[in-house]
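Below is one structure, written out as structure tokens, with a few remarks after it.
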Amino acid sequence: MQRRIYISDLDNSPSINFDTGLDPRSFARTKMSQCMTELGYVVTSGRIDKWKAAGVKEVDGVMRVWGPMFSGTRLDLLLENINPDVTDYTQAQFAALKAVVSWIKAKLQLGETVSVLNPGAAFIQDNNVFFAPDQLSNRCLYIEGIKTDSYNCPDLSGISSITFCAGVMLYRILAGFHPFTSSEIYQDMREGIFLPVNLAVPALNEKLSALIQTAMLLPVEKKYVQKPDTGILTEILEILTTINDDVSSLFVPLSAEKKSQIEKEKKLYLIKRNSVTGTKRFVTRNKYFVYGITAAVLIGLFIIVSIIQSRAQRPTTAGMTPDTVITSYFEAFSILDHQFMEACIMGASKSDINVAASYFAVSRARQAYEYTTEPILKTAQEWIEQGGELPSPDVFGVTDLTIEHLSGSVYDGEIVFRAEYILWSPNEHSLTRTDIITLKLDRRNNWRITNISRTESY
């Protein structure tokens, strides 16, 4: 995996680097330069220094933000070094535990100061910790492939979020595996769905096991939480700062009989959890079944009426030149006119049409719920003209469209173009796409798209 937050030489000088993955034009358009004013923090014993980016430089066509050097190792990499089949606690476990201890102390020292939580944005060197700027690091981690922060619950804030994150990291180190691995990770966090610490690490010191368990149940109802949040972290530190270099001191030997008993408890727990969780989520998802059916009926009626009306006046590409068909196709995509897009297609993939139809249905449903006739989604071109500020919820469509003729002619009855553009989607980053589009004449001598070969990147 290509790391986007790393230490490297820039102009023969070591620095912290943030590879944004953006070319200069995209960097300017998305206003990433605003991240230059974001603060990070370097926390040492008894001292907190603010860290600010020093500059931005184009390297191999990509804009890289850089700032003052901090020698250390990324915390998430230390966690990844833990063997999932851990039976003997080695230097990797000790290094990771020591890093988490330093991380907890630094967070407590920062107090109310808001700082990044994702372990991928923290560097550790002995008792010194660097917390990268939040938004800048999130951008880099996202394009690095870390689309979900698996160590933090979005429902928590303040000391609760720090305690929960510490608990998950310690679970990862001591159990050898991550507690939350399903595709519904945040739902699992909210409901406390994970193998309990006493079953995942049965030989672990009972007090530490209970503290980690309590920390990881913070997103659940408060009735499960018995200790103040700061008390959890303080007691965890009291235990972990006394182990010196001997991680094994955190564990007690288990008899063969005890191991067998725990294994049975684990199997029973997993069977019960899968059954209860599945049933509970099914009931929860169907709580508003009547409302869903009503909405579905309304949407269905709307679609039926639309189909009847469209058959009376079905759109076509009659009279259009090949390049006009392409331009009109993407304009229709931006305004969710899936009916006209359908008229442009003859055998090509309908993935764009499916996307437009889905957003169209969702938009109409939201209009019905919210009793409004105002558009739910703003077109990307309109958003760009109004300044294009990020984040961009409720924005969809194509911008920066360019079309280039590649081969064929109108006299051949077949012609090929290259279309390059940026696609914006609600709550997502933009995609840069290049489509090779083939058009042919149909039996009515109208130009229609028969093939779209697509490549895309963030």
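Determine the gain in length on full extension of the stretch T372-M69; use 0.36 nm per residue of separation and subtract their C-alpha separation, reporting nm with one decimal. Don't skip to the answer; put the middle values down first.
On the way: separation 303, 0.36 × 303 = 109.08 nm, distance 5.26 nm.
Full extension from T372 to M69 adds 103.8 nm.
Just list whichever of K98/K259; K57/K105; K31/K105 have alpha carbons separated by over 32 Å in the model shown. Provide the component values of the computation, followed by the final result.
Details: K98/K259 28 Å; K57/K105 34 Å; K31/K105 34 Å.
Cα-Cα > 32 Å for K57/K105; K31/K105; rest within.
For the chain, what does the relative contact order come out to in percent, with C-alpha contacts under 8 Å and a separation of six or more? Could you put the intermediate results ahead of the total?
On the way: 691 pairs, mean separation 45.2, N = 458.
So the answer I get is 10 percent.
Quick one: what does P(r) look like for the stretch 29-145 with 10 Å bins over all Cα pairs, in whole %?
13, 41, 31, 13, 2, 0
If R0 is 25 Å, what FRET efficiency do you get for T434 and A365 from their C-beta distance, rounded to 0.05?
Numbers: r = 33 Å, r/R0 = 1.32.
With a Förster radius of 25 Å, E is 0.15.
Per residue Cα convex hull volume for the chain, in cubic angstrom? Can you show the working numbers first?
Working: hull volume 90.3 nm³, N = 458.
Taking only Cα atoms, the chain has a hull volume of 197 Å³ per residue.
What residues from the stretch 230-259 fall in the zone where the backbone N is under 17 Å from a label point 7 Å along the Cα-to-C-beta line of A203?
246-259
What are the semi-axes of the equivalent ellipsoid of the stretch 149-285, taken as the square roots of 5 times the eigenvalues of the Cα gyration tensor, listed largest first and rounded to whole Å? Mind dumping the intermediate values first?
Working: eigenvalues 120, 90, 28 Å².
Three semi-axes, in Å: 24, 21, 12.
For the stretch 293-457, report the translational diffusion coefficient in µm²/s to the nearest whole number, using Stokes-Einstein at 4 °C, 1.567 mPa s, and a Kirkwood Rh over Cα pairs. Let's see the in-between values first.
Values: Rh = 17.0 Å.
For these conditions, the coefficient is 76 µm²/s.
Quick query: amide H of M320 versus all other amide H atoms, modeled in the peptide plane; which residues come in under 5 Å with a sequence gap of 5 or more or a different chain?
Here the answer is W447, since their amide H atoms fall under 5 Å of that of M320.
Sorting check: for 91-101, 140-150, 159-169, which peptide has the highest mean count of neighbouring beta carbons within 10 Å, and how do the rest follow? Let's see the in-between values first.
On the way: 91-101: 19.6, 140-150: 16.6, 159-169: 23.2.
By packing density, highest mean first, the sequence is 159-169, 91-101, 140-150.
Where does each of 366-378, 122-134 land if you order them by average Cβ count within 10 Å, highest first? Kindly include the intermediate steps, with their values, before the conclusion.
Working: 366-378: 12.2, 122-134: 22.1.
Descending mean neighbour count gives 122-134, 366-378.
Whole-Hz Karplus ³J(HN,Hα) for the stretch 357-365, in order, using 6.51 cos²θ - 1.76 cosθ + 1.60 and θ = phi - 60°, x for Gly and Pro?
Per residue, the Karplus-derived 3J(HN,Hα) values read 5, 5, 5, 4, 5, 4, 4, 5, 5 Hz.
Cα to Cα, under 18 Å, and not fewer than 8 places away if on the same chain: which aspartates and glutamates meet these conditions relative to K207?
D229, E235, E238, D246
Give, as ranges by residue number, the residues of the stretch 34-56 whose backbone N falls under 14 Å from the point 7 Å along Cα→Cβ of E389.
Answer for the stretch 34-56: 34.
Each value in this text was obtained by applying a stated rule to the coordinates, not by laboratory testing. Just so you know, these numbers come straight off a predicted model, no measurement behind them. When we count neighbours, we look across all protein chains shown, and the Cβ atoms used for this are built from the backbone with ideal geometry, even at glycine.
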